[in-house]
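All of the numbers you see were taken from the coordinates with simple rules; none came from a lab. Given the structure is predicted, the values throughout are model-derived calculations rather than measurements. Here the Cβ is made from the backbone with ideal geometry for all residues, glycine too, and neighbour counts use every protein chain on show.
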Amino acid sequence: MNKKLTQQQAMYDRIERHGQRLNIIFHTQYEPIALCKKLRIIEGKQDRANVDYCNGDMTAAQHELITERTRNAVYNLLGDKGPVPYINSDPRGYALKIQPKDAQALDLPRDLGGYGLLAPDLTNL
């Protein structure tokens, strides 16, 4: 049981550090873990829409509507004081990203293309 608690604490430490970094970058006033949770929820909704669109379970208009809602939600959460978030529509990767040049300078987790991940899965690293 100690190992499980240690792994769980390590996960929360990673989430806390990521949230702190995002707060510094975007100048938000959210508690770091709460910010990460909100972004993961937005990420999950966009991921689901990307998969549904790719599988033909949603029209292009429906997908664009959800993507626009995602943009608005991210903007409402992070504001406009940092790098401009990028919404990826490819279902094979993360949806909420920032450009590679910004990600490298800001020390965010990155995908294979170098894009910075705003809502990475930090549960099992």
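Treating the angle as unsigned and between 0 and 90°, give the value, to the nearest 10°, between the Cα long axis of helix 32-54 and the longest Cα principal axis of the chain.
Once rounded, one gets 30 degrees.
May I ask for the angle, rounded to the nearest 10°, between helix 2-26 and the longest principal axis of the chain, with both axes built from Cα atoms and the value confined to 0 to 90°?
Its long axis makes an angle of about 60 degrees.
If r is the Cβ-Cβ distance from A10 to D107 and R0 is 25 Å, what FRET efficiency results, to the nearest 0.05? Mind dumping the intermediate values first?
Working: r = 19 Å, r/R0 = 0.75.
Efficiency, from the Cβ-Cβ distance: 0.85.
Label points 7 Å out from Cα along the Cβ direction at A60 and T123: separation in nm?
For the pair A60/T123, the computed spacing is 3.5 nm.
Calculate for the chain the 222 nm mean residue ellipticity that helices alone would give, adding -39,500 (n - 2.57) per DSSP H run of length 4 or more and normalising by residue count, nearest 500 deg cm²/dmol. Walk me through the intermediate numbers first.
Numbers: 4 runs with 74 residues, N = 125.
Computed mean residue ellipticity for the chain: -20000 deg cm²/dmol.
State the answer as a single residue: which of A95, I25, I42 lies farthest towards the positive end of the charge dipole of the chain, with beta carbon charges of +1 for Lys and Arg and -1 for Asp and Glu, about the Cα centre.
I25
Give me, ordered by chain and number, the residues 5 or more places off E31 or on other chains with an amide H under 5 Å from its own placed amide H.
For E31, no residues qualify.
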